[in-house]
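Data first, discussion second: the structure below is written as structure tokens.
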């Protein structure tokens, strides 16, 4: 752990879970139902630092792990070791380590996919789900990579991530540049995005061509505001300089496998759920959550205005208030 992480997080702890050693950070009294915070790409348990502080102040039990492939948690070599069965299995095993029957799972970005899949794969371990930016996504009629390739092109980042080693080399080659590109607020006043429902016209360049954009990116001419202090930015850069990005990219490399292996899984989230949407997220806009009620009957929605994709870090006070208010109503202490 870097000094920059240590200065802002509780003491790191470790658990042997599902064949790997996992690092996690814990706050609050071990009472009631804990909340497990699941980060996305390219992030860390550190992304939840503001939430951990707020939960500790509220007297609530919360845990944020570095997930498989990230931070101080182990990074298996095999791509298949990052499929949804492993990712959800890690969370169930973490509950075993903590001696907990059920938890409330709160996930952002890829962590959001994990937490919405938890009640499908481990229904007896889930008390509730909180999605941040990431909605419940129903199983696609065909391979989702094929859909994205057709709609958004070969250079669309999720499609491009399927190529072994290519995106890894660009991101790992200049971690500071990559994290400068990622960790910015959106430019104000842009029209609403269609997100992953975007569809380019024939002959147009790929949509969300992250790696091509990053190759041409010059941080000196980026007009977007940051939301990180220098120390916070250093925590991300120093960590990913040590670990690289391959572990996180391998989550994407299992999307076809996850789709194939999920045939026949009942798509019904039968626990209380909260969907927290970010007004200005370009990839996961509020419209992405339309229709969730068909799969998540006990659902409440909330909107964080003015936020881009990194919602729990961009607008931590609004996120903390939204989540804690919902917990106070649905899971009072």
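The values are calculated or read from the model by the stated rules, or taken from the named source; none is laboratory data. Everything numeric here is computed off the predicted structure, so don't read it as measured data. Here Cβ is always computed from backbone atoms with ideal geometry, including for glycine, and neighbour counts include all displayed protein chains.
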What single numbered condition from (1) crowded, with 18+ Cβ neighbours inside 10 Å; (2) at negative phi; (3) touching a residue at least 60 places away in the same chain (Cβ under 8 Å); (4) assigned to a loop (DSSP other than H, G, I, E, B) fails to hold for residue 120? (4)
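For every residue, the table says whether it meets (1) out of contact with any helix residue (DSSP H, G or I) (no Cβ under 6 Å at 6 or more places or on another chain); (2) surrounded by fewer than 20 Cβ atoms within 10 Å (Cβ to Cβ); (3) in contact (Cβ under 8 Å) with a residue 12 or more places away in the chain.
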| residue | (1), (2), (3) |
| --- | --- |
| 195 | no, yes, yes |
| 203 | yes, yes, no |
| 238 | yes, yes, yes |
| 244 | no, yes, yes |
Taking region 304-331 on its own, how many of its residues are assigned to a helix (DSSP H, G or I) and farther than 29 Å from residue 102 by Cβ? 1
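So which strands (runs of 3 or more DSSP E) are wholly in region 1-96 and hold at least 3 residues that are without any contact (Cβ under 8 Å) to a residue 60 or more places away in the chain and either more than 26 Å from residue 259 (Cβ to Cβ) or touching a strand residue (DSSP E or B) at 6+ places or on another chain (Cβ under 9 Å) (or both)? Steps first, please.
Details: elements: 12-17, 20-27, 35-38, 62-65.
By residue number, 20-27, 62-65.
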Looking for whichever is more than 25 Å from residue 274 (Cβ to Cβ) and either modelled with pLDDT of 95 or more or buried (at least 19 other Cβ atoms within 10 Å of the Cβ) (or both) here; the options are 26, 74. Which one fits? 74
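Assess whether residue 220 counts as being touching a helix residue (DSSP H, G or I) at 6+ places or on another chain (Cβ under 6 Å), in a helix (DSSP H, G or I) and at negative phi. Lay out the reasoning, then the answer.
Working: touching a helix residue (DSSP H, G or I) at 6+ places or on another chain (Cβ under 6 Å): no; in a helix (DSSP H, G or I): yes; at negative phi: yes.
When the stated conditions are applied, residue 220 does not pass them.
In this structure, is residue 269 crowded, with 16+ Cβ neighbours inside 10 Å and in a loop (DSSP other than H, G, I, E, B)? Break it down into steps so the answer makes sense when it comes.
Values: crowded, with 16+ Cβ neighbours inside 10 Å: yes; in a loop (DSSP other than H, G, I, E, B): yes.
Spelling it out, residue 269 is indeed crowded, with 16+ Cβ neighbours inside 10 Å and in a loop (DSSP other than H, G, I, E, B).
Let me confirm something: among 127, 178, which residue is more than 17 Å from residue 85 (Cα to Cα), touching a strand residue (DSSP E or B) at 6+ places or on another chain (Cβ under 7 Å) and touching a residue at least 24 places away in the same chain (Cβ under 8 Å)?
Numbers: 178 fails: touching a strand residue (DSSP E or B) at 6+ places or on another chain (Cβ under 7 Å).
One residue alone meets the criteria, 127.
Checking the condition assigned to a loop (DSSP other than H, G, I, E, B) and touching a residue at least 24 places away in the same chain (Cβ under 8 Å), which residue from 141, 191, 135 passes? Quick ask: steps written out before the conclusion?
Details: 141 fails: touching a residue at least 24 places away in the same chain (Cβ under 8 Å); 191 fails: touching a residue at least 24 places away in the same chain (Cβ under 8 Å).
Criteria check complete, one pass: 135.
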